[in-house]
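*Asks:* To start, I am sharing the structure in question, which I have written as structure tokens.
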Ligand SMILES: [Zn+2]
Ligand SMILES: [Zn+2]
């Protein structure tokens, strides 16, 4: 095994149940053949991680966090080529040999559902810690993406959410027309920035004034408050046929139904925020059966989009530097979670880092 000096112990944010996360000193993960040890520079807080905590969707104890960037400081036999590289790590990779992978449904592959990055306990991401073990099948399966030394960590951690946005966009109708994006959180704003530059005429729905403002600077032609006569406002921009597509980057049933009504016949609605099973949504089935509207889902990322994602992340025509507004040290994880749960004062993406002062500004 080759390595750059690594301590025996580290700080990690361990979720042991409840809504708080404990800051603990635990052993640095060991690595075996084909595995990597990554020293984390920063890791984003993803809404799916917060849902796991708040709704108890996973079994504690776990160390969450999967939007991570760092340096490979140790590499097991047969993985030495990664040593010293600055990388973004995906926590899932598909097997590429099952029927679902053959169909391009990578995020539905049984192998993909296994998490391959861990800072301890059962693998759950591990990015909210100083060091992470990367499984051999992630390293050899295309889950480790090298990035330039100069790319700010605050931008690099957007790689996985950006991939999920690009994947979502591949479900849009081919002919670019009008699009409504429901919700302008970090991911909704990312979709606004991407789709407007891709030729879509984008309208957004968002209650927070700071996010409404961002939405307009990121390319939206108009932005509406969900409570202020949404139906009327949407009907105005939908005329005469209705808009071509809706992306629901929110779980709001009201916004989803309000916008579904003004989708053009045969138009597409993509559910992007319904990330757990058992969630019900009441929908006018006649809009599907008669008006031939389609509802599709898009979940997680696609390995086929890894290189495009990297390319777009490095493209400075996009406002990637504006997405991560707050980086907390690991020992302030609960403040970071609180801000991510209740955005304030223009906060967008929240991240944690072992040493926030060391991060280059984005
Ligand atoms: Zn995520
Ligand atoms: Zn597969």
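*Asks:* Report the gain in length on full extension from residue 307 to residue 150: 0.36 nm times residue separation, minus Cα-Cα distance, nm rounded to one decimal.
*Replies:* Once the chain is fully extended between residue 307 and residue 150, it gains 54.7 nm.
*Asks:* Taking all pairs of different Cα atoms in the range 1-157, averaging 1/r and flipping that mean, what Kirkwood radius in angstroms comes out?
*Replies:* Every distinct Cα pair counted, the radius reaches 15.8 Å.
*Asks:* How do 360, 293 rank when sorted from fewest to most other Cβ atoms within 10 Å of their own Cβ?
*Replies:* 360, 293
*Asks:* Additional query: Using only the Cα atoms of the chain, each taken as one equal point scatterer with no solvent, compute I(q) by the Debye sum, divide by I(0), and report log10 of the ratio at q = 0.07, 0.11, 0.15 Å⁻¹.
*Replies:* -0.30, -0.74, -1.31
*Asks:* Which value, in Å³ per residue, describes the convex hull spanned by the Cα atoms of the range 223-336?
*Replies:* Value for the range 223-336: 193 Å³ per residue.
*Asks:* Give the order of 53, 4 when sorted by the count of other beta carbons within 10 angstrom, beginning with the fewest.
*Replies:* 4, 53
*Asks:* Show me 297-306, 336-345 ranked by packing, highest mean number of other Cβ atoms within 10 Å first.
*Replies:* So the order, starting with the most tightly packed, is 297-306, 336-345.
*Asks:* How do 168, 109, 98 rank when sorted from fewest to most other Cβ atoms within 10 Å of their own Cβ?
*Replies:* The order, fewest Cβ neighbours first, is 98, 109, 168.
*Asks:* Quick one: work out Rg over Rh on the C-alpha atoms of the range 171-297, Rh as Kirkwood radius.
*Replies:* Looking at the range 171-297, the ratio lands at 0.93.
*Asks:* Let me ask something else about it. Taking every DSSP beta bridge that has both residues in the chain, what percent is antiparallel when rounded to the nearest 5?
*Replies:* 55
Throughout, read-outs are computed from the coordinates displayed, never taken from laboratory work. What you are looking at is a predicted structure, and each value in this text was computed from that prediction instead of being measured. FYI the Cβ positions are ideal-geometry reconstructions off the backbone, even for glycines, and counts take in every protein chain you see.
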